[in-house]
Structures are given as C-alpha cells and as structure tokens.
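Read-outs throughout are calculated quantities, based only on the coordinates presented, and are distinct from any laboratory measurement. Computed from a predicted model, the values in this text were never measured in an experiment. Don't worry about glycine lacking a Cβ; one is built from the backbone with ideal geometry, like all the others, and counts go over all protein chains shown.
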Amino acid sequence: MEAIESLTVFLQTSITPIVLISGVGLLLLSVTNRLARTIDRSRMLAGKLQDRETPDRDKKLRQLDILYTRSRLLRNSIAAITLSILCSSLIIVVLLTMNMFRIDLEIVGKVLFLCSIGAIICSVIYLMIDVTLTLRALDQEIRTLSDPPEIG
C-alpha cells in the first residue's frame with residue numbers, strides 16, 4: 001500500500017514540470033518555425049546577391065543583415081527554451097530521487113524550477129526583440145514603397 005501511495009505522490013508532483021514542458025514545447029515550435037522562415041528568406045536573398053548586378057543590391061544586403069540578426073536572436077531564444085526543458089526534466093529526476101531514496105532535494109528542485117522559468121522569460125524577451133526588429137524592417141519596406149525615388 002505504501003508503494004502505491006509513494007507512486008501517487010510522485011505522479012502528482014510530476015504534473016507541473018510535465019505541463020511546463022508541454023507548454024514550452026509549443027513555444028519552441030513557434031520559434032523554430034520563425035527561424036526556418038528567416039533562414040529560407042536569407043538563402044533566397046543570398047542566391048540573388050550572387051549576381052553582382054542585382055537591382056537594389058544595397059537594399060538586399062541590408063535585408064540580409066537584418067535576417068542574420070533575427071536568426072541569432074531566434075537561436076538564443078531556442079537555446080533558452082531548451083534550457084527550460086532541460087531544467088523541467090531534471091525536476092522530474094529530482095522528484096523521483098526524493099521519492100525513491102527519501103533524500104531531501106527540495107532546494108535543488110526549487111532552483112531548477114526558477115531556472116526553468118527564468119529561461120522561459122529570456123526566451124520570450126529574445127522573441128519580442130525579434131518581433132520588434134521584424135516590424136521595424138517592415139516599416140522601412142513600407143516607407144520605401146510610399147516614398148518613390150525622384151527622377152531627374
């Protein structure tokens with residue numbers, strides 16, 4: 001009977017990190033999709049820039065620079081999300097160890113939880129910087145279109 005109670009307690013306490021991993025997984029999916037689109041667009045621009053006579057070459061180079069910056073931000077966001085998942089997974093290991101061996105590792109679990117939440121916050125900050133940069137680039141594009149160059 002004690003084994004069943006012990007397993008029940010372990011499963012109950014494991015729910016939070018498991019839910020955290022699931023939620024963060026959706027964030028990871030979103031960020032990796034953004035990174036894939038950024039890389040695809042970068043490759044397309046790089047291909048066009050192979051021709052030295054490409055029209056609007058300077059504009060395309062600026063776009064490529066922005067895309068590279070965005071890719072680095074998204075990479076950092078993905079790294080932070082991955083760290084969060086790792087910490088959440090380690091919480092489950094700590095809980096299992098505490099349950100199986102009756103060792104008090106509560107402080108370790110709390111530190112891992114704080115690290116996991118901190119990593120999520122960092123990831124979202126990187127993501128928001130990326131979104132802001134994307135909107136600035138779009139704003140520049142729109143301004144270029146609305147202010148046609150003067151002829152003559």
The summed charge of the T134 Cβ neighbourhood (under 12 Å; Lys/Arg +1, Asp/Glu -1) stands at +2
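May I ask for the Rg/Rh ratio of region 2-144, computed from Cα atoms with Rh as the Kirkwood radius, given to two decimals? Intermediate results must be reported in sequence, preceding the final value.
On the way: Rg = 21.7 Å, Rh = 17.7 Å.
That ratio equals 1.22.
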Taking the 0 to 90 degree range and rounding to the nearest ten, how far is the long axis of helix 2-49 tilted relative to the main principal axis of the chain, both from C-alpha atoms?
10 degrees
What share of all Cα pairs of region 34-107, in percent, falls into each consecutive 10 Å distance bin?
18, 28, 17, 14, 12, 8, 4, 0
Return the loop-located GluC sites (Glu not before Pro) in region 1-105 (DSSP other than H, G, I, E, B) with at most 10 other Cβ atoms within 10 Å of their own Cβ; answer none if there are none.
E53
Within region 26-49, find all residues whose amide N lies under 13 Å from a label point positioned 7 Å from the Cα of R57 along Cα-to-beta-carbon.
48-49
Could I have the simple spin-label model distance between Q140 and T82, label points 7 Å from Cα toward Cβ, reported in nm to one decimal?
2.9 nm
How far apart, in nanometres, would the label points at N33 and N99 be if each is projected 7 angstrom from Cα along the Cα-to-Cβ direction?
3.4 nm
Helical mean residue ellipticity (222 nm; -39500 (n - 2.57) per DSSP H run of 4+; nearest 500) of the chain
-33000 deg cm²/dmol
Efficiency of FRET from Cβ geometry, S89 and R41, R₀ 41 Å, rounded to 0.05
0.80
